[in-house]
Each structure stands twice: as C-alpha cells, then as structure tokens.
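Chemist: Supplied in structure tokens, the structure appears directly below.
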2 protein chains.
Amino acid sequence: MLQFEFYNPVQIVFGEGQIAKLATLVPEKARVLVLYGGGSIKKNGTYTEVMDVLKNHSVAEFSGIEANPTYETMMKAVAQIKAEKIDFLLAVGGGSVIDGTKFAAAAAVYEGDPWEIFTTGGQYIKAALPLGAVLTLPATGSEMNNGSVITRSETKTKLPFMNRHVFPQFAVLDPTKTYSLPARQIANGAVDAFVHVVEQYLTYPANAPVQDRFAESLLQTLIEVGPQALATPHDYTVRSNLMWAATMALNGLIGAGVPQDWATHLLGHELTALYNIDHAQTLAIILPSMLNVRRAAKREKLLQYADRVWGIKEGSEDARIDAAIAKTRDFFEAMGVKTRMRDYGLEVSAINAVLEQLKAHGMVALGERGDVDLAISKLVLEGSY
Amino acid sequence: MLQFEFYNPVQIVFGEGQIAKLATLVPEKARVLVLYGGGSIKKNGTYTEVMDVLKNHSVAEFSGIEANPTYETMMKAVAQIKAEKIDFLLAVGGGSVIDGTKFAAAAAVYEGDPWEIFTTGGQYIKAALPLGAVLTLPATGSEMNNGSVITRSETKTKLPFMNRHVFPQFAVLDPTKTYSLPARQIANGAVDAFVHVVEQYLTYPANAPVQDRFAESLLQTLIEVGPQALATPHDYTVRSNLMWAATMALNGLIGAGVPQDWATHLLGHELTALYNIDHAQTLAIILPSMLNVRRAAKREKLLQYADRVWGIKEGSEDARIDAAIAKTRDFFEAMGVKTRMRDYGLEVSAINAVLEQLKAHGMVALGERGDVDLAISKLVLEGSY
C-alpha cells in the first residue's frame, strides 16, 4: 500500500424526507444563497420543499448553473454573494451545481484574480464560505469531496481544482429526489460513477486488498442497480443504492493508498469542451479503447477485474481481458450510453482535434505511470472512433 | 437501506515514517499531554520518535493507562490536565489508550460529575479538548471513531460513551510500529476487528449491497492477512492491510444504513469485567455460539456469509450455516485465540455469574431486533462453555 492521507469531514444525511433537516443543518442566523440549475428542481417539487424548510432563514437564490458550469456564470454568483453579503451557500442539484457552488464559495473570499484558482489547482485557497448540498442526481460524487471542475467558455477550457476548504459541511441525499430524472441522466450518472471507480482501481497491483475489494464492491453494485434504475425509476431500494455507490465512488476512500489513472477523464474532458458531448458519454467512448490499448500496463488488474467483477474465469489471459472489456462496453450500451465517437455524429477529424487540444493543454504524460503520451492517446482515440 | 447520518472528520495519515508529520499536525503553540500505556512504546522506540518530533512543542506526559482503561486512572490524567493547563492530548498506543484519552478530553472540560458521561452515554458533552492519536495496535478502530469504553474498577462496570467532540483530529497509522507487538495482541486485534464487522453485517437483509460488500471485503482481508501477520511479523504489506482493515471495521462506514447487533460484545464485556479475559478472547468465546443459537433470526445473512466470505456453496442450508460457523471458530483458533469458556479455566458457574451481571446491567433485550433476552443469552453462554 502507498502512503496516504485521507480526510473527509462531510456529514451525510441519507434517506427519504431528510431535506427537513436543513432547518437545523443550515446555521440559524446565516444569509443563505440557494444555488441551482435549469429549473428541474422546480418541476419535481424539490425547490418548494427546500424553500419551505428554510422559511425561517434569510434566503436568496441564484439559478441558471449549466450542465458544465462556466466560470462566467459562476462569477455572476460571486458578484451576488458579495453584493448581498451572503455567508452560507446551499447547492441544490447535481454535480455541476455543487462544483459551481464550491468555486463560488472560494472565489467570494479569494484575494486576487479568482481565475488563479484554476491555474494553480486551488492550492492557494486559504478560506471559503461554508456550503452545504442537497443532491438530486447521483453521479459525480461532488457532494462528498473537495473537487470541482469548471469550464471557461471563451477558451473551451475545462479545469479542475481541489481544496479542503470547499468540502460541503453536509450533503442531504434523498433517493426519492432522483425519481423524476430523465433516463439519460440516470444512465450518465451510473456510467460516471463506474468510471470513477475504474480510474482508481484498474492500474497496477499495489498490495491493497481492502481498496481493491471496496472498488469491486462498487462496480458490482453499479452493474446490478444501473439497469434496474432505468427499468423501475420509483424503486427506493434501487435508487438509494445507486446514490450511495456513486457517492462512495469519489470521496477519496477507494483511491487512498493506491495508484490512480484519470487518463480517460482527461481525454473525455477535451471531447466535452470541443463537441459538448455529455461527460459520461465521453467516458463511455474512451474507456473501452483505453483499456484495450493499455492492456499490457494494466494486465494484472484487468485479469482481476475480469475474474472478480465479471466472473470471467475461462480462456487465455488475453481472451479474458477481451471479454472483460466487451462486458464493460456492453454495460454502457445497455445503460443507453453509446460507446463510439461516430455514434455521436463526430467526423474522424475529431481525433486530431482532440490531440491538438491535449497538446495545447500539456496533457502529454497521463495515466498511473505518466506514460500515456500523445502517441498512445492517438491509438486510444482511433480505437474509440 | 435504512436512513442514516454518517460523519467522520478524522484525518488519517498512513504509512511508514509518518510520525514525523506530528511536528505540524500538533498545533505549534499547544501545551501537549502525551498519554500512553505500560511502556511498550518505550521498548520499541515509538516513545523516543514521538518525543523527538515534538521537541519544539511544550510536552508533558501521562503513563500507566491499563489494557481496559479505568475511570480511576483516567481521572488522574484529568487532574494533571487541569493542573498543568494542557490544551492538546496526544494518545500514543492502542484502543485502550485512545479510549482513555477521549474520556479525559471530555471530562477535563465537563460541567458536573464526569461519571455522568457514562450514565448518559455521552449525550451531554458540549466540548472536549482537541486530541490526536498515534496508533500502535490495529484492533479497536478507536483511532477513527468517536466511541470510548471505560471500566470503573470498584464496581466492575464497563461502560461506553460516544460524542462527536471526541473524534481524534488526526490519527497517524505507521504499520511498522506494530512489528514488535506480541503475537497475542496481533491475534486479539484481528479477532476484534473481525467481530466488529460481523456485528454490523450478520443481522438481517436491509437491501444495502454496498455496505454488505464492504463488510465482506474486510472479513475476507482479515481472514487472509491475520495468519500472515502472525507468521511474518515484519511484512509491511501484511501489517498495513491488517491496520487499515481494522480501522475501517469500526469507523461508522459499514454500519451506516444497516441494522446492527452488538450482543456478542455486550456478553463479552461482562466476561472481561468479571474474569479479566481479554476483550477479543471474549468475542471469540461468544460469537460462534451466538451465531448458532440465533441462526433462525440471522438465516439469510448467515447463508450469504457462508457463500461470499467462506465460499461455501454445497449442502443444505443448515449444513452451510454449520460450516460457516465452524470456519469462523477455526479462524479464531488458528489465530491462537481459544473459543470456549473452559479453555480459559472458567467453571460452569460462570454462566450464571454472567447472566446475573447482564440482569443487573439491564442487558435483557439485545441484538438487532432487541429480542435477545436472558433466556437466549443463557443458551449462548451454555454453547460457549
């Protein structure tokens, strides 16, 4: 096992009806800003429920956070926070709303140009406004971590930051709030969570059996409940397990003490920035090809994945790896998420366009050993077409 | 899945050499009290290492915390804390030292009689001194939770409390610090962690596949690394996985959203209080009989345990349950922990003596459904003899 530090102070409040606890979770005297997205929380009743619970608090609101939250939009929230002397932020939505809220929490009290937060990965953040989250979409894990990804629209740049000051103080997870989500969002969420686990698991052996088995636990659960969540949207058990698995997939626990990859995410980010393809769709496009191209570097863990996650025990090593990659692709397709660039109408010229962006962004030494250069990324993209 | 809240703000600092980080983990200006046990940390060098790292801090010390820490001893620490205006506690040792330190942290600032902390389960604790831990013995999980168990010697009463103010701020886990432990303590630690998992897992199905699989992950890992830890004491990989599994076994995660039992612990506590038998030994005595007596109430989970943890797939349901219980007993015995009361020289009269104590302490409705009355406890104890 590698050396590690693990710290995660987010208080999880899980279950049907738990939004009522906002009455005490949000500090009594706070000037609260409720941040949300495009209005789906108004259609499904979550907005009314939250506002009703906070009726004795001082509450303002900020809406219109995009699916890939932009720097430009979130700077408008920062201006409102300063103008109205807001001192507590409540994100109500999915990962995009929570990511955007984390940035606003830090930017509102940042000394200097807030864009620096991204160019320095968040390392100079010394404080942030306190924030909480009400999760409506199981997917990114943002509700229980300290990471955020924001897009600058003018340059089509998607950049992350992390800092311990932006952990939510609490996250309310009510599985019933996911019942009204479109199938596409549930499918994307399950794929996103699945690939989060894979990025922290499918690397090379690090003698970390607890982390390996926890990762396999989440993959097995997502494979089970993902299709059920599409088939029976109002099944509380299914939605609760999808929600908890997605949260556990990226809260730092399974990645503690083990190598991590993230090359699939970084290639995927360029596809989203260039062609506005959903984040999870880009992961479904890239991952099967990434595993195929990097089968030598990931050999031992691919065989373990084939055996323990998919129950593949017969055939040569390469046949088992092929079968595990095929099962992975089939799972994404069964969730309704297409797995090839051409499925999304992209021309073959997209391969070079993505490579140019990777080069421009310095993404030339990716993966768990830093050896995924542009030549390897080219093979991955060609296999993804 | 049941409703739950999960909160665990302990910063874990894991790996060889990480004690060096105490220099910054312990606040610079603090008046520190280092608390420890019987002096084994002096023999193995941990004491010198800790004191050397803290050489620029203001440091006092308190030693002599027992294997089952007593109220009487810890009240002496409280007196020293008050007299010397200590404002940070650093526990260096195993679960007993950390448990004792948690009590001292709360008692030092408690308004009223500190014994109330136990009679009220810790619910009226409004503050505690900040504390950190350097773990030298993987076993109880106290380094990453907010629980503590203290014994009042005069009445032979072993009582727990929990409160969020006594979470350690950090816990340093250096697996090499366990190399010099006697085999008995390593064996006890593995058994203790194993039974912690079982108490949160072997109840009734609650549609919580992530929690179930995480629990099974820990059991499988303990079964693997427990005997290896005895056979090759200086194997870093083995000791690191034993340490991390034991910490994860009781940090609130696998018990979130599922029923919990704890009857084995409560019967075991009485055996320790009456006959001074090691905590883990009492668990090894009670658990196999508890599972056997309660096989109807735990049927589905016992079958799942047999299948997924022990790979038992053949035979009738009762035969599989019998085999799983036998494997559990064999595991404890292979660790060198005897599993019957008579192995520890107890007379058969001990059964009634324990029952009297259970009755006196109101332990008459135990288990995940509260239906383990004195009649059932009697059957369990008879089966444990």
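The values are calculated or read from the model by the stated rules, or taken from the named source; none is laboratory data. Computed from a predicted structure; not experimentally measured. Every residue, glycine as well, gets a Cβ built from its backbone with ideal geometry; the counts of neighbours run over all protein chains shown.
Chemist: Tally the residues that are touching a residue at least 60 places away in the same chain (Cβ under 8 Å) and more than 30 Å from B:GLN260 (Cβ to Cβ), restricting the search to segment B:1-28.
Modeler: Going through segment B:1-28 one residue at a time, the tally reaches 10.
Chemist: Can you tell me which of (1) over 23 Å from the mean Cα position of the chain (by Cα); (2) under 15 Å from B:THR136 (Cβ atoms) is the one B:PHE14 doesn't meet?
Modeler: (1)
Chemist: Let me ask something else about it. Would you confirm whether or not segment B:150-165 contains a residue that is within 22 Å of B:THR46 (Cα to Cα), under 20 Å from the mean Cα position of the chain (by Cα) and part of a loop (DSSP other than H, G, I, E, B)?
Modeler: no
Chemist: Do you know which residues across segment B:204-222 are surrounded by fewer than 21 Cβ atoms within 10 Å (Cβ to Cβ), more than 7 Å from chain A (Cβ to nearest Cβ) and closer than 25 Å to B:VAL238 by Cβ?
Modeler: B:GLU216
Chemist: Suppose we filter segment A:118-134 for residues that are within 19 Å of the chain's Cα centre (by Cα) and more than 30 Å from A:GLU28 (Cα to Cα); how many remain?
Modeler: Looking only at that region, the number is 2.
Chemist: Out of everything in segment B:216-237 that is of a type in the set (Val, Ile, Thr) and part of a helix (DSSP H, G or I), what residue ends up being farthest from the chain's Cα centre (by Cα)?
Modeler: Looking at residues that are of a type in the set (Val, Ile, Thr) and part of a helix (DSSP H, G or I), I get B:THR237.
Chemist: Does segment B:42-49 contain any residue that is more than 14 Å from chain A (Cβ to nearest Cβ), closer than 23 Å to B:ASN251 by Cβ, in a helix (DSSP H, G or I) and touching a strand residue (DSSP E or B) at 6+ places or on another chain (Cβ under 7 Å)?
Modeler: Yes, segment B:42-49 contains at least one residue that is more than 14 Å from chain A (Cβ to nearest Cβ), closer than 23 Å to B:ASN251 by Cβ, in a helix (DSSP H, G or I) and touching a strand residue (DSSP E or B) at 6+ places or on another chain (Cβ under 7 Å).
Chemist: Restricting to segment A:145-181, give me the number of residues that are within 15 Å of A:LEU242 (Cβ to Cβ) and out of contact with any Lys or Arg (no Cβ under 8 Å at 6 or more places or on another chain).
Modeler: So the count comes out to 4.
Chemist: From the residues in segment A:217-267 that are free of Cβ contacts under 8 Å to residues at least 12 places away in the same chain and either among the hydrophobic types (A, V, I, L, M, F, W, C) or in contact with a Phe, Trp or Tyr (Cβ under 8 Å, 6 or more places away or on another chain) (or both), which one is farthest from A:LEU291 (Cα to Cα)?
Modeler: Going through the qualifying residues, I end up with A:ALA231.
Chemist: Name the residues in segment A:223-258 that are among the polar types (S, T, N, Q) and facing chain B (nearest Cβ under 9 Å), would you?
Modeler: A:THR237, A:SER240, A:ASN241
Chemist: Of all residues in segment A:50-77, count the ones that are closer than 22 Å to A:PHE118 by Cα and among the hydroxyl-bearing types (Ser, Thr, Tyr).
Modeler: Of the residues in segment A:50-77, 3 are closer than 22 Å to A:PHE118 by Cα and among the hydroxyl-bearing types (Ser, Thr, Tyr).
Chemist: A further question follows. Could you list, in sequence order, all residues of segment B:105-123 that are hydroxyl-bearing (Ser, Thr, Tyr) and either touching a Lys or Arg at 6+ places or on another chain (Cβ under 8 Å) or at pLDDT below 95 (or both)?
Modeler: Result: B:THR119, B:THR120.
Chemist: Can you tell me which residues in segment A:356-369 are more than 18 Å from A:LEU291 (Cβ to Cβ) and outside any helix (DSSP H, G or I)?
Modeler: Passing the criteria: A:HIS361, A:GLY362, A:MET363, A:VAL364, A:ALA365.
Chemist: Here's another thing I want to ask about it. Quick one: in segment B:179-203, which of the residues that are more than 16 Å from the chain's Cα centre (by Cα), touching a residue at least 40 places away in the same chain (Cβ under 8 Å) and under 30 Å from B:ILE41 (Cα atoms) is surrounded by the most Cβ atoms within 10 Å (Cβ to Cβ)?
Modeler: The residue in question is B:LEU181.
Chemist: For segment A:234-275: of the residues being within 27 Å of A:ALA375 (Cβ to Cβ) and among the polar types (S, T, N, Q), which is modelled with the lowest pLDDT?
Modeler: Only one residue fits best here, namely A:THR272.
Chemist: Can we say B:LEU283 is more than 12 Å from chain A (Cβ to nearest Cβ) and over 20 Å from B:VAL364 (Cβ atoms)?
Modeler: Yes.
Chemist: If I ask for residues that are away from chain A (no Cβ under 14 Å) and either assigned to a loop (DSSP other than H, G, I, E, B) or acidic (Asp, Glu) (or both), which ones from segment B:8-41 would you list?
Modeler: Across segment B:8-41, the qualifying residues are B:VAL26, B:PRO27, B:GLU28, B:LYS29, B:ALA30, B:TYR36, B:GLY37, B:GLY38, B:GLY39.
Chemist: Across segment A:354-381, what is the number of residues that are touching a residue at least 40 places away in the same chain (Cβ under 8 Å) and more than 23 Å from the chain's Cα centre (by Cα)?
Modeler: 3
Chemist: Out of segment B:270-280, which residues are surrounded by 24 or more Cβ atoms within 10 Å (Cβ to Cβ) and more than 19 Å from B:MET363 (Cα to Cα)?
Modeler: Across segment B:270-280, the qualifying residue is only B:ALA280.
Chemist: Same structure again: Which ones in segment A:1-40 are among the aliphatic types (A, V, I, L, M) and in contact with a helix residue (DSSP H, G or I) (Cβ under 8 Å, 6 or more places away or on another chain)?
Modeler: A:MET1, A:VAL10, A:ILE12, A:VAL13, A:ILE19, A:ALA20, A:LEU22, A:ALA23, A:LEU33, A:VAL34, A:LEU35
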